[in-house]
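Here's the structure, in structure tokens; my notes come after.
The values are calculated or read from the model by the stated rules, or taken from the named source; none is laboratory data. Being a predicted model, the structure only gives us computed values, none of them experimental. With ideal geometry, Cβ positions are generated from the backbone for all residues, glycine too; neighbour counts draw on all protein chains shown. Only protein heavy atoms, including side chains, enter the accessible area calculation; ligands, DNA and RNA are left aside. Shrake-Rupley method; radii C 1.70, N 1.55, O 1.52, S 1.80 Å.
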Amino acid sequence: MGEFFLPVQIEPLAEGGYLATSNDLPGLVAQGRTVAETLETAQDVARRLVESYVEHGDPLPRKIRTALKAARHKA
């Protein structure tokens, strides 16, 4: 799988820490103590979600599919 840019939204949580989500990859929810930790977790969650889509033969969200095709052409 190639690498691609995935926009995520990060918001602080009232109880501390941060939450990351992405409009482009439904199901991506990651939490961490710091922004850096949250981004690292979000990257891992995104990779696993895309792998799950592929493994189960589910159609990828359009923006993800387009980004992966572009990444493959650059490689």
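Scanning the stretch 45-64 for residues that are closer than 27 Å to GLU11 by Cβ and open to solvent by 70 Å² or more (accessible area, probe 1.4 Å) yields a total of 5.
If you go through the stretch 5-44 and keep only what is in a helix (DSSP H, G or I), of a type in the set (Asp, Glu) and open to solvent by less than 70 Å² (accessible area, probe 1.4 Å), you end up with GLU37, ASP44.
Residue count for the stretch 1-48 satisfying the condition of being touching a Leu at 6+ places or on another chain (Cβ under 8 Å), of a type in the set (Asp, Glu) and under 23 Å from ARG62 (Cβ atoms): 1.
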